[in-house]
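J.: Got a structure here, written out as structure tokens. Questions coming.
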Amino acid sequence: PEALFDNSQLPAYTFHQHSSEQEVKFHDSLKQQKLKTFETLYSVPVSLDKDKTVAIKADRDLLRRVVVALESGREVDVDTLLQRELSPVPLSIATLDGCLRLASSKSDLGNILQKNVIQSQPPISHHKTCTIIDGMAAVQSLGNTTGAKSFGDWSDNFTAFVVSHFSDKCTRVDVVFDRYLPNSIKGRKTGKSKGIRRYGASREQRIGNWDRFIVVEENKASLAHFLSTEMSKRYGTHPGHALVVSGGFREILKVWSSDASRESLQELSSDHEEADTRIVLHARDAAVRGYRQVNVLCRDTDLYNHGTDGVDINEERAAAFRKVKKNLDSLPPTKDALHRHIRRANFQCMIRKKAKEPRPSLSSPEENGWFYKEGILKPKLMNQEEVSASCLQLAFCGCSSGNSCINRRCTCVRMSLGCSKGCKCGDVCRNTRNISLDEEEV
């Protein structure tokens, strides 16, 4: 008999059968039915990445407004229309949840630049040399290929990797780590990955699933502190060799060096968030102390490429729209959204420019394209409203009758527009053509 019912009637039939065949208590729980409502009827699950799925509501309202406006004889200027974003967020810059898109193809540029490079190893130096290692990049690169069972074993392998860079000419090795701050402009997706949270790390603690461990930001911070502490405890003092560690300790400004002859580490005591800028700081310190060659060991040091041809971004956006060759989500951002994005990029450049300062004085992120929402730092994507909420040609009034559309209380009259078939006033409206704003109100 279930075949006689459609999807909307089947749950009621199933409940009735279940209740009549066996005793059901009044307070027994009911199985949740994920039935479609008017709100979710046109929602489509769309996967943004491997770990996240959001529901996108099909935005047919914009198309409806444009069609009705054209049918009513209004002039809809595409250039003006595209000066606003077509969706609540600029999809070329951000994802639907308001987060900045991750740069997933930065390494492609690195591969292009390295394509014609024959030498894969740093040149052999006959001068005093310092090697600087990006600690977390090295952790990611090494992984757990040796099959270490405990963090103590893994730490010993990592220390052996670091120490292997010492040589007759390379007498100093620096290891620098990123810091993982709860509110960061880096926009790390803390707590949203399918990883395993481990509170702290010790030599006896079992590693377990390495891939699920290393994707959690808190685990990275704990591991950086553990490795930094282990190296500072177990390396000891080796005459002629100096090991320097910074960034990984829980104490923000803490720096450790095995060189007992060095009186002060103030030049390296910094509050930098990224290892990239710490590398610059440590390279400068090495150069000041007489090192003639500095080797940087880092697989993902950011590359910067900038080009401009003077084209107006809104004109380019309209041209791309007319060609109908691009997905609308791939259209360039509006001038407003791009301006906000450039301010964020400029703020990041300012941080890089001050990389040689241990504790740089920086302006607030809120002055550079960011804002706080419920205590979380988020990008301010645009100032203007999206096109469906701001374009005058797409405006409709909500007047209760046609007689109401003869004064400035009517939205269409205020904007010098004739009412359209999309307005609430209906076909008997008196505002069938544009009315001057100077007309006396009734």
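The values are calculated or read from the model by the stated rules, or taken from the named source; none is laboratory data. Every value quoted in this text rests on a predicted model; they were computed, and no experiment measured them. With ideal geometry, Cβ positions are generated from the backbone for all residues, glycine too; neighbour counts draw on all protein chains shown.
J.: Residue by residue through region 371-420, note down the ones that are surrounded by 15 or more Cβ atoms within 10 Å (Cβ to Cβ), under 20 Å from Leu91 (Cα atoms) and free of Cβ contacts under 8 Å to residues at least 60 places away in the same chain.
T.: If the condition is that a residue be surrounded by 15 or more Cβ atoms within 10 Å (Cβ to Cβ), under 20 Å from Leu91 (Cα atoms) and free of Cβ contacts under 8 Å to residues at least 60 places away in the same chain, then Lys380 is the only one that fits.
J.: I'm told Glu366 meets every condition in (1) surrounded by fewer than 12 Cβ atoms within 10 Å (Cβ to Cβ); (2) closer than 30 Å to Leu70 by Cβ; (3) of a type in the set (Asp, Glu) except one. Can you identify the failing condition by its number?
T.: Single failed check for Glu366: (2).
J.: Please determine, by comparing only the residues of region 200-233 that are of a type in the set (Gly, Ala, Ser) and not in a loop (DSSP other than H, G, I, E, B), which one is nearest to Asn183 (Cα to Cα).
T.: Result: Ala221.
J.: Being of a type in the set (S, T, N, Q) and within 15 Å of Val245 (Cβ to Cβ) is the filter here, so list the residues in region 142-174 that pass it.
T.: Correct list: Ser155, Thr159.
J.: Any idea how many residues of region 227-243 are touching a residue at least 24 places away in the same chain (Cβ under 8 Å) and within 32 Å of the chain's Cα centre (by Cα)?
T.: 2
J.: Do we have any residue at all in region 143-161 that's surrounded by fewer than 19 Cβ atoms within 10 Å (Cβ to Cβ), at pLDDT below 90, more than 23 Å from Asp276 (Cα to Cα) and acidic (Asp, Glu)?
T.: The answer is no, given that none of the residues of region 143-161 is surrounded by fewer than 19 Cβ atoms within 10 Å (Cβ to Cβ), at pLDDT below 90, more than 23 Å from Asp276 (Cα to Cα) and acidic (Asp, Glu).
J.: So, in region 132-181, of the ones that are among the aromatic types (Phe, Trp, Tyr) and in a loop (DSSP other than H, G, I, E, B), which residue ends up farthest from Arg292 (Cα to Cα)?
T.: Tyr180
J.: Of Gly195, Gly200, Gly191, Gly208, which residue is surrounded by 15 or more Cβ atoms within 10 Å (Cβ to Cβ) and either modelled with pLDDT under 85 or over 23 Å from Pro365 (Cβ atoms) (or both)?
T.: Working: Gly200 fails: surrounded by 15 or more Cβ atoms within 10 Å (Cβ to Cβ); Gly191 fails: surrounded by 15 or more Cβ atoms within 10 Å (Cβ to Cβ); Gly208 fails: surrounded by 15 or more Cβ atoms within 10 Å (Cβ to Cβ).
Result: Gly195 is the single residue among Gly195, Gly200, Gly191, Gly208 that is surrounded by 15 or more Cβ atoms within 10 Å (Cβ to Cβ) and either modelled with pLDDT under 85 or over 23 Å from Pro365 (Cβ atoms) (or both).
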